[in-house]
Amino acid sequence: MHRVQVTEIAGVMTLGPQATRHLHVLRLQPGERVQVFDGRGGQGEAVLLDLLPGEGRATLELRPDALGTVRGAETPQPVTLAVALLKGDKLADVVRAATELGAASIQLLLTQHAEAREIGAQKLQRLRRIASEAARQSERSVTPGVLEPVKLGAYQWNGTLVVAHPGSSTLLTDLLTWDAPLTVLSGPEGGLSGAEMQDLLAQGAKAVTLGPRILRAETAPLALLGAIAATGY
């Protein structure tokens with residue numbers, strides 16, 4: 001069954017141009033059933049009432065007997081990916097894969113050695129669309145938010161923070177207790193500065209290894225999330 005994200009699950013739902021275009025490409029017809037999800041854990045089954053691609057609008061009617069909250073594809077505690085700004089389309093690749101790997105939110109960071117110093121509003125919106133599309137395709141019930149960049153020194157996290165650091169010998173999986181929210185952090189191509197790393201450790205962060213090889217900045221965050229996904233929760 002095809003899936004589509006809605007703003008809110010209700011008795012009757014009106015879709016905007018992007019979702020309407022998606023249903024039109026799939027050649028769905030009124031009367032066909034689709035799975036709807038709100039990106040916050042709720043999902044259900046609905047019937048397509050009408051599809052008006054020229055007006056950028058489609059209407060769905062919820063089947064009350066097929067409404068529920070599904071968390072089976074989500075981690076026991078929410079996992080945030082905190083990642084330094086990267087140039088070009090590297091962030092798009094990270095956001096897409098991070099969504100598939102279970103990140104509940106993605107926090108962009110400004111670090112001392114970051115390749116990029118800012119991100120425009122249009123690029124941020126594109127990253128959010130990529131996260132929504134990846135959540136739909138990977139059959140997640142939660143769509144991670146892509147949050148505006150903050151300076152690393154001002155970043156405040158919830159629960160446990162683990163940081164990819166070449167000098168560590170601790171495995172990420174050794175720290176997974178799922179008794180609190182988890183944040184995994186990776187730096188830019190040049191890595192975190194010594195002062196940045198010391199400050200994070202002083203605030204209680206845990207340094208973890210990504211193995212004996214040097215990974216690119218767009219690979220490291222996915223290695224962290226992949227290690228979590230591989231545990232099967």
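The values are calculated or read from the model by the stated rules, or taken from the named source; none is laboratory data. Just so you know, these numbers come straight off a predicted model, no measurement behind them. Ideal geometry is used to build each Cβ from the backbone, glycine not excepted, and the neighbour counts take in all protein chains shown. With ligands, DNA and RNA removed, areas are computed over all heavy atoms of the protein, side chains included. Shrake-Rupley method; radii C 1.70, N 1.55, O 1.52, S 1.80 Å.
Listed values for the stretch 160-167 are Karplus-derived 3J(HN,Hα) couplings in whole Hz (6.51 cos²θ - 1.76 cosθ + 1.60, θ = phi - 60°), namely 9, 10, 10, 10, 5, 8, x, x, and x replaces Gly and Pro. Given the alternatives (i) 128; (ii) 169; (iii) 146, volume of the Cα convex hull per residue in Å³ as computed for this entry is given by (i). Its residues counted as N, the stretch 1-80 yields a C-alpha radius of gyration over 2.2 N^0.38 Å of 1.13. Measuring only protein heavy atoms, the 1.4 Å probe finds H22 accessible over about 40 Å². Can you check what the net charge comes to around I9, using other residues whose Cβ is under 12 Å from the Cβ of I9 (Lys, Arg +1; Asp, Glu -1)? Here the count lands on -2.
Farthest toward the positive end of the dipole of the chain, out of N158, S105, V4, is the Cα of V4, where the dipole comes from beta carbon charges about the Cα centre. What is the stretch 158-231's relative contact order, in percent, from Cα pairs under 8 angstrom and six or more apart in sequence? Relative contact order here is 47 percent. In order along the stretch 32-44, the Karplus-derived 3J(HN,Hα) couplings, from 6.51 cos²θ - 1.76 cosθ + 1.60 at θ = phi - 60°, round to 7, 9, 9, 9, 10, 9, 9, x, 10, x, x, 8, x Hz, and Gly and Pro are given as x.
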